[in-house]
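The values are calculated or read from the model by the stated rules, or taken from the named source; none is laboratory data. Owing to the predicted nature of the structure, the values given are computational and were not obtained by experimental measurement. Cβ coordinates were reconstructed from backbone atoms using ideal geometry, including for glycine residues, and neighbour counts include every protein chain displayed.
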């Protein structure tokens, strides 16, 4: 998957971007749900699982979540960061990543599918038992997500800067069987389309910025889920689609 193609597709996603007003939530990481390592060094990766606590940031209390007031998530960028410990942040739900990293400004189809399965507690191969096994699964899934988001790639085609870190991440990805298995799930379903922009109604980017109002929204972007449209909304969407189809045929 060549980064040049991925970046070219980002503009299309930005056109359809929409966001909601900022809200304040607490974001941190809980022992037994993540590994503490450094992205792109000999310690290799960090990242999720993150715990987002509070309302207004998306659905909470699903199969993977700690409790009904929080949800578990993963980061989408390598070069944007959250502070250590649990802190309050301004967040907004968006269709677009406010990127400061290599890669894309949209959630990929493969990332969206993996995250949706993870949140429901149904991701094949993920160890949901809290402890070292779950922490290891979290690192593996984070690697697969970063790859699907164009945060690293095969060094022979990489054009995103920081070649040393890219090579380290590529090596770990290829030596991490769980990360490979997670990627193989979406590769088997979508093929190269796993890297395309997600166009569904459930998975979104959660833009994170400093309190009180997000500032430049450059802290990080996380994954979140939103409620599916109601039955009435889906019916209306179907009718609108039928009208559009008839107009094209006229």
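Condition (residue is surrounded by fewer than 21 Cβ atoms within 10 Å (Cβ to Cβ), over 21 Å from residue 106 (Cα atoms) and at pLDDT below 95) applied to segment 180-193: is it met by at least one residue? Checked segment 180-193: no residue is surrounded by fewer than 21 Cβ atoms within 10 Å (Cβ to Cβ), over 21 Å from residue 106 (Cα atoms) and at pLDDT below 95.
Do we have any residue at all in segment 113-122 that's in a helix (DSSP H, G or I), out of contact with any strand residue (DSSP E or B) (no Cβ under 9 Å at 6 or more places or on another chain), at pLDDT 95 or above and surrounded by fewer than 24 Cβ atoms within 10 Å (Cβ to Cβ)? Yes - at least one qualifying residue is present in segment 113-122. Set side by side, the residues 50, 81 differ, and just one is at pLDDT 80 or above, closer than 13 Å to residue 222 by Cβ and surrounded by fewer than 17 Cβ atoms within 10 Å (Cβ to Cβ), which is 81. Could you list, in sequence order, all residues of segment 123-157 that are farther than 21 Å from residue 224 by Cα and either in contact with a strand residue (DSSP E or B) (Cβ under 8 Å, 6 or more places away or on another chain) or surrounded by 19 or more Cβ atoms within 10 Å (Cβ to Cβ) (or both)? Correct list: 152, 153. Out of all the residues in segment 84-97, which are more than 20 Å from residue 143 (Cα to Cα), touching a residue at least 12 places away in the same chain (Cβ under 8 Å) and either more than 15 Å from the chain's Cα centre (by Cα) or surrounded by 23 or more Cβ atoms within 10 Å (Cβ to Cβ) (or both)? Within segment 84-97, 85, 86, 87, 88, 89, 90, 91 qualify.
Does residue 106 satisfy the criteria of being part of a loop (DSSP other than H, G, I, E, B) and within 18 Å of residue 221 (Cβ to Cβ)? Judged against the criteria, residue 106 is a match. For residue 196, the criteria (1) farther than 15 Å from residue 114 by Cβ; (2) touching a helix residue (DSSP H, G or I) at 6+ places or on another chain (Cβ under 6 Å) hold in every case but one, which is (1). Screening residue 68 against (1) outside any helix (DSSP H, G or I); (2) modelled with pLDDT of 95 or more; (3) over 21 Å from residue 28 (Cα atoms) leaves a single unmet condition, (3).
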